[in-house]
Amino acid sequence: MAESPEQFRGQSRLPRFAEPLRYDLLLRPDLAACTFSGSAAVAVAVSAPTRFLVLNAADLSVDGSSIRFQDVAPTEVVQFEEDEILVIGFGQVLPIGEGVVTMNFTGTLNDQMRGFYRSKYDYNGESRNMAVTQFEAADARRCFPCWDEPAFKAKFKLTLEVPTELVALSNMPVVKETVHGPLKTVCYEESPLMSTYLVAIVVGLFDYIESSTLEGTKVRVYTQVGKTSQGKFALDVGVKSLDLYKDYFATPYPLPKLDMIAIPDFSAGAMENYGLVTYRDSALLYDEQLSSASNKQQVAITVAHELAHQWFGNLVTMEWWTHLWLNEGFASWVSYLAVESIFPEWNNWTQFLDETTSGLRLDALAESHPIEVEVNHASEIDAIFDSISYDKGASVIRMLQSYLGADRFQKALASYIKKYAYSNAKTEDLWAVLEEETGEPVKDLMTTWTKQQGYPVIFAKLNGQYLELEQAQFLSDGSSGPGTWIVPMTSCCGSYDVNKKFLLKGKADKIHIKDFAASQTADRGIGQNSWIKLNIDQTGFYRVKYDDELAAGLENAVKANKLSLMDMIGIVEDSYALSVACKQTLTSLLRLLNAYRHESDYTVLSHVTSVCLGVNKISTDATPDLSRDIKQLLIKLLLLAAKRVGWDPKVGESHLDVMLRSLLLLALVKLGHDETIAEGIRRFHIFLEDRKSPLLPPDNRKAAYLAVMRSVSTSSRAGYDSLLKIYRETSEAQEKSRILGSLSSCPDKDIVVEALNFMLTDEVRNQDAFYVLGGISLEGREVAWAWLQENWDHVVKTWPSSSLISDFVNSTISPFTSEERAAEVSEFFCTRVKPSFERALKQSLERVRISARWIESIKSEPNLAQTVHQLLLEEM
Ligand code: BES
Ligand code: ZN
């Protein structure tokens, strides 16, 4: 039996001898003073002898004298700040069974976008405060004392006391509202069993629009007063997603209502609070006149993602943060399923390869981590909301689905949801259900992907009639790690009609080509005009390195347009990654890129342009003498497609062509294409005179803004000032973000510093800093790094959240390409590093060293200049 409160310190999880069953919470936010007071009555089940209750509390003053357990006052109350726990000790052992603990507390409505915080908005020209919660991952404890771990599910009954004229929302519908003078007391229905991180409250002035699902669930979108028309698109996607998920998971939406609301200050993109989903403005609001096609897609994906969580995450919740990927990977994967079905013309599954690409890029770092990662302290949780949990997570699910087959997979998911509804699950629980439903060795297969960091590259070599395969862990630094995986392989030869599916279990294997080639090919062998593609449609989370003969066959197939869009993407992405790791020359990558010059599909070109921009960046440092020519070559590669789409939208054109135009214009501006830059500036001036001009629709604005910034300098800064003017005049979050993302892209270093300083003013919301950081020009990287060092103390204080501070570190450090810089950065951080950004720092440093190594290797490529010049001369 525990004797002293001390013994609860330094533990990664709360003891389980007393667990919450039901919370009765009263909260009184004071929006003017930015404080709140509250009281909690929590029914607890005591299951083992103890004289202590141990729960979480942080940044709260708990009134020790108010605490009672079944009318008994405690003998000691201790709050351990570092552990964020509150230990309540009683004179006697608590009776086994149910009892109620009550207490009063007060706190601050902070400005850090976590816990219970205040956000600001304009109403009739005045600035007002709203009160909002953001509890994931471990910040419910900043609003009320609670067992703040996902496995302590309980029922919540909330009561709010707020000014009468305000809208007060929570997870559940209102059951009673009583007005007394300027205040009203709002009581909400009791919730079903749920985790603390999903509790939500929003208090402010809002309008709403409403619709309902086929089953009759009321769905509302709340916006700023007067802006409900911007909520229509999200409402429509929301209702359709709920209907779809109900069928897909074979379980109805679990709550009586769903509200979605736009919050002007919001650290993430959106948060899936049960029945009250919160969004940053730009991720929820869509305006036909003001938003771009890519804004539209982002809204759809975000809504579909958060609503997927209502099942995957909220109804069935991860048992501990180690299994966070079960939430985020699944919601990400299933959001593509929903959006594919609502907007089939977006070719969403091909766009999914953006996710796979980010996952593969991050997981090629030695400083990556396994999907299932050990978490020992609350401060470590936020850092795992990264591309591994989201993108690798979603990608290995797609890999598994493709291995098991869509129908079997869906059925098994539905039984998993039923089995663990209102409860918690671990990764293995999911594998067990899948295994039971399908009879396949799911656990063995998937464990190699979730408990082990990294992924393999498969070396493929043709030896007579055999295709020889060998796996090794792929790392961007060129080394090969120790991992081996059970790899779901697929292959086809010359056509997609015949293909083979098998598991590569050991280090190496070989297959006879007659197993997966049409019989003719098998007899004749792989001739000049044939090709072998592994990892069909990139459903597997791995890369392939083909021998020269196979690579040449694929290059021809790309040229001859024989391959699926997904395979076109996979080939260029793998080739780029292999080149970064110095496993393949930049020369051969450029030859391959050249094979894509007749491509006109958005989904493929979005990967081709991203590779082009990566090549452009590295060549600036690696081959300064040749970099102009490389730029010209890259421009040439994109120009055919760019000419086809032009600047002006065409009547009736597809969503993807609109996306393509904006993609190519942006890339050409970034590559310094003079004509595109001049045209962007010309159109910008017309737009300045007439903000409704059809010559610069929202889709093309970012390109024009960047074009303007390419020509700005300290002595000729009108473009910068005009952009600031538009920024100040617009109230649209998406427009603001386009401008913020442009300001720091200037080649003039003083202007870059000016943009960074502007970011620190209260004209830029803290949530939006990352747009500015993401735009920093290559020319500005030194001053940006100097700026960060100078402003470090202020930055860590103002952006405490893991993802935001990690953005600062990553965007300023990753662009460097020398060992010396890496050493300088390490030295600066050796006394300053914190858990919230430690991994981001290590990853950034690793990227710098990878670039440095790549540069050395490029310098020694004998045929690079000759190839560039030869390709430049080739006809289009
Ligand atoms: N649960 C997350 C929000 C979150 C992120 C909470 C990080 C705490 C820390 C939410 O479901 C989410 O994943 N949001 C994404 C949007 C989505 C479309 C990938 C986001 O905020 O970017
Ligand atoms: Zn999510």
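The values are calculated or read from the model by the stated rules, or taken from the named source; none is laboratory data. Since this is a predicted model, take the numbers as computed values, not measurements. Here the Cβ positions follow ideal geometry from the backbone for every residue, glycine too, while neighbour counts run over all protein chains shown. Note: accessible area is taken over every heavy atom of the protein model, side chains too, but ligands, DNA and RNA are not part of it. Shrake-Rupley method; radii C 1.70, N 1.55, O 1.52, S 1.80 Å.
Go through (1) of a type in the set (Gly, Ala, Ser); (2) within 13 Å of ligand 1 (Cβ to nearest atom); (3) closer than 18 Å to Glu838 by Cα for Ala366 and report which single condition fails.
That leaves (2) as the condition not met.
How about the range 252-272: which of its residues are of a type outside the set (Asp, Glu) and within 9 Å of ligand 1 (Cβ to nearest atom)?
Within the range 252-272, Phe266, Ser267, Ala268, Gly269, Ala270, Met271 meet the criteria.
Against the definition (within 30 Å of Phe17 (Cα to Cα), part of a strand (DSSP E or B), within 16 Å of ligand 1 (Cβ to nearest atom) and touching a residue at least 24 places away in the same chain (Cβ under 8 Å)), how does Thr133 come out, yes or no?
yes
Filter the range 279-310 for residues that are over 16 Å from the mean Cα position of the chain (by Cα) and polar (S, T, N, Q); which is nearest to ligand 1 (Cβ to nearest atom)?
So the residue we want is Gln310.
Report, by residue number, each residue of the range 832-854 that is assigned to a helix (DSSP H, G or I) and within 19 Å of the chain's Cα centre (by Cα).
Those that are assigned to a helix (DSSP H, G or I) and within 19 Å of the chain's Cα centre (by Cα): Glu838, Arg839, Ala840, Leu841, Gln843, Ser844.
What single numbered condition from (1) crowded, with 23+ Cβ neighbours inside 10 Å; (2) in contact (Cβ under 8 Å) with a residue 24 or more places away in the chain; (3) farther than 16 Å from Phe385 by Cα fails to hold for Ala283?
Answer for Ala283: the failing condition is (2).
Check the range 438-445 and report whether any residue there is among the β-branched types (Val, Ile, Thr), open to solvent by 10 Å² or more (accessible area, probe 1.4 Å) and under 25 Å from the mean Cα position of the chain (by Cα).
No, the range 438-445 contains no residue that is among the β-branched types (Val, Ile, Thr), open to solvent by 10 Å² or more (accessible area, probe 1.4 Å) and under 25 Å from the mean Cα position of the chain (by Cα).
Could you tell me whether the range 240-258 includes any residue that is part of a strand (DSSP E or B) and more than 15 Å from ligand 2 (Cβ to nearest atom)?
So far as the range 240-258 goes, yes, one or more of its residues are part of a strand (DSSP E or B) and more than 15 Å from ligand 2 (Cβ to nearest atom).
Can you name every residue in the range 165-199 that is closer than 18 Å to Arg22 by Cβ and open to solvent by less than 20 Å² (accessible area, probe 1.4 Å)?
Ser170, Asn171, Met172, Tyr188, Ser191, Met194, Ser195, Thr196, Tyr197, Leu198, Val199 - these are the residues of the range 165-199 that are closer than 18 Å to Arg22 by Cβ and open to solvent by less than 20 Å² (accessible area, probe 1.4 Å).
How do the pairs read when you match residues in the range 308-329 that are over 20 Å from Gln401 (Cβ atoms) and of a type in the set (D, E, K, R) with residues anywhere that are open to solvent by 10 Å² or more (accessible area, probe 1.4 Å) and away from ligand 1 (no atom under 11 Å from the Cβ), using Cβ under 7 Å and keeping only pairs 6 or more apart or on different chains?
Partner pairs satisfying both residue conditions: Glu319/Ala151; Glu319/Asn424; Glu319/Lys426.
Determine if the range 578-588 includes at least one residue that is open to solvent by 10 Å² or more (accessible area, probe 1.4 Å), assigned to a loop (DSSP other than H, G, I, E, B), modelled with pLDDT of 95 or more and of a type in the set (A, V, I, L, M, F, W, C).
Checked against the condition, which is being open to solvent by 10 Å² or more (accessible area, probe 1.4 Å), assigned to a loop (DSSP other than H, G, I, E, B), modelled with pLDDT of 95 or more and of a type in the set (A, V, I, L, M, F, W, C), the range 578-588 yields at least one hit.
Any residue at all in the range 231-238 that is assigned to a strand (DSSP E or B), without any contact (Cβ under 8 Å) to a residue 60 or more places away in the chain and at negative phi?
Among the residues of the range 231-238, not one is assigned to a strand (DSSP E or B), without any contact (Cβ under 8 Å) to a residue 60 or more places away in the chain and at negative phi, which makes the answer no.
Within the range 803-827, can you find the residues that are surrounded by fewer than 15 Cβ atoms within 10 Å (Cβ to Cβ) and of a type in the set (Phe, Trp, Tyr)?
Across the range 803-827, there are no qualifying residues.
Could you say which residue among Gly774, Gly719 is open to solvent by 50 Å² or more (accessible area, probe 1.4 Å) and within 26 Å of Leu668 (Cβ to Cβ)?
So the residue among Gly774, Gly719 that is open to solvent by 50 Å² or more (accessible area, probe 1.4 Å) and within 26 Å of Leu668 (Cβ to Cβ) is Gly774.
Could you tell me whether any residue of the range 618-633 is of a type in the set (D, E, K, R) and either more than 24 Å from Arg781 (Cβ to Cβ) or buried (at least 22 other Cβ atoms within 10 Å of the Cβ) (or both)?
Looking through the range 618-633, none of the residues is of a type in the set (D, E, K, R) and either more than 24 Å from Arg781 (Cβ to Cβ) or buried (at least 22 other Cβ atoms within 10 Å of the Cβ) (or both).
Look at Asp382 and say whether it is among the acidic types (Asp, Glu) and at pLDDT below 95.
yes
Identify, please: which residue in the range 71-86 is of a type outside the set (S, T, N, Q) and within 36 Å of the chain's Cα centre (by Cα) and is, among those, surrounded by the most Cβ atoms within 10 Å (Cβ to Cβ)?
Filtering first and then ranking leaves Leu86.
At least 3 residues that are among the hydrophobic types (A, V, I, L, M, F, W, C), within 16 Å of ligand 2 (Cβ to nearest atom) and crowded, with 23+ Cβ neighbours inside 10 Å in each: list the helices (runs of 4 or more DSSP H) lying fully within the range 293-365 that qualify.
293-309, 324-342
Can you tell me how many residues in the range 725-751 are more than 21 Å from Asn295 (Cα to Cα) and assigned to a helix (DSSP H, G or I)?
Total satisfying the criteria: 4.
I'd like the residue in the range 311-334 that is of a type in the set (A, V, I, L, M) and touching a Phe, Trp or Tyr at 6+ places or on another chain (Cβ under 6 Å) and, out of all such residues, is nearest to ligand 1 (Cβ to nearest atom).
Ala331
Touching a strand residue (DSSP E or B) at 6+ places or on another chain (Cβ under 9 Å) and surrounded by fewer than 18 Cβ atoms within 10 Å (Cβ to Cβ), is that true of Asp148?
no
Taking only pairs six or more apart or across chains, which ones have beta-carbon atoms under 9 Å, a first residue in the range 30-46 that is touching a residue at least 60 places away in the same chain (Cβ under 8 Å) and on the phi > 0 side of the Ramachandran plot, and a second residue that is charged (D, E, K, R) and in a strand (DSSP E or B)?
Qualifying pairs under 9 Å: Cys34/Arg118.
Would you mention how many residues in the range 376-406 are within 15 Å of ligand 1 (Cβ to nearest atom) and either outside any loop (DSSP other than H, G, I, E, B) or open to solvent by less than 10 Å² (accessible area, probe 1.4 Å) (or both)?
Looking only at that region, the number is 17.
Restricting attention to the range 362-385, which residues are without any contact (Cβ under 8 Å) to a residue 60 or more places away in the chain and among the acidic types (Asp, Glu)?
Once the filter is applied, which keeps residues that are without any contact (Cβ under 8 Å) to a residue 60 or more places away in the chain and among the acidic types (Asp, Glu), the range 362-385 yields only Glu374.
Is there a residue being within 22 Å of Phe266 (Cα to Cα) and open to solvent by less than 60 Å² (accessible area, probe 1.4 Å) anywhere in the range 744-757?
Yes - at least one qualifying residue is present in the range 744-757.
From the list Leu637, Leu660, which one is in a helix (DSSP H, G or I), modelled with pLDDT of 95 or more and touching a Lys or Arg at 6+ places or on another chain (Cβ under 6 Å)?
Sole residue among the options that is in a helix (DSSP H, G or I), modelled with pLDDT of 95 or more and touching a Lys or Arg at 6+ places or on another chain (Cβ under 6 Å): Leu637.
Filter the range 658-684 down to residues that are surrounded by fewer than 18 Cβ atoms within 10 Å (Cβ to Cβ) and not hydrophobic (A, V, I, L, M, F, W, C), then give me how many there are.
Total meeting the criteria: 4.
Go through the range 414-440 and give me each residue that's free of Cβ contacts under 8 Å to residues at least 12 places away in the same chain and closer than 24 Å to Lys392 by Cα.
Within the range 414-440, Ala432, Glu435 qualify.
Between a first residue in the range 447-476 that is at positive phi and a second residue that is of a type in the set (Lys, Arg) and at pLDDT below 95, which pairs have beta carbons less than 9 Å apart while being 6 or more apart in sequence or on different chains?
none
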